[in-house]
Amino acid sequence: MTKDGDMAEPSGWTAFEGQRRLAAGPPATVALAVKAAEARGDGAAILVFDDATGRVVDLDLRGSDAEIAARVAPPEPAMAVTVPATRKRGRPRLGVVAREVTLLPRQWDWLAAQPGGASVTLRRLVEEARKAEGGGTARRAARDAAYRFMAALAGDLPGYEDALRALFAGDPAGFDARIGAWPRDVAAHARRLAFGGAPDTG
């Protein structure tokens, strides 16, 4: 968890060979580690998980290392950024992302009547909503990612259903108690996705 209580957002991928963590990090790093492990052909089945969602990644490992790395590289975000042509006094220079918003005519009329106009009002409303939710969206995303990972890799482990109950109850201590007998790498990753960090191994 971050200092303000929001969940720390995981990034990258994690590969498991059976119940042992094989590799973790940027997609290209993990994909190439999986390719090398599969070339050895002496391990258990390999699953790759997207840390942000907990979903299993379907890897295409054909071609050279460079081709694989290019294939799994995240796309560059397409953003329209508006920057003032000249530096104005007072307000600092801010980047503005332009995207389409669809509203009813009466809603546009209301926005246009607000001090500062539609853009200022929308930004203020979004910030107020973010503060009001208290990190709820991030916590739900973390819970769902942990659930998907656990369903794929931990469904047969002891205490699985009780661990799910603790996960959905938002009970880190109860969660840790119920995954204590799990393989270390599986438990650590489930805990990281669900609540941040890793179980206390004593």
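The numbers here are math on the coordinates, done by the rules we state, and not lab data. Quick caveat, the model's predicted, so the values are computed rather than measured. For neighbour counting, all protein chains shown are included, and Cβ atoms are generated from backbone atoms with ideal geometry for every residue, glycine included.
What is the sum of charges around residue 111, taking Lys and Arg as +1, Asp and Glu as -1, for the other residues whose C-beta is under 12 Å from the C-beta of residue 111?
It works out to a net charge of +2.
First select every other residue whose beta carbon is under 13 angstrom from the beta carbon of residue 22; then total the charges, Lys and Arg +1, Asp and Glu -1. Around residue 22, the surrounding residues sum to 0. Each peptide in 112-125, 148-161 was scored by the mean count of other Cβ atoms within 10 Å over its residues; highest first, the order is 148-161, 112-125. The protection proxy used here, the mean number of other Cβ atoms lying within 10 Å of each residue, ranks peptides 171-183, 36-48 as follows, highest first: 171-183, 36-48. A crude spin-label estimate for the pair residue 181 and residue 98, with each label 7 Å from Cα along the Cβ direction, gives 6.1 nm.
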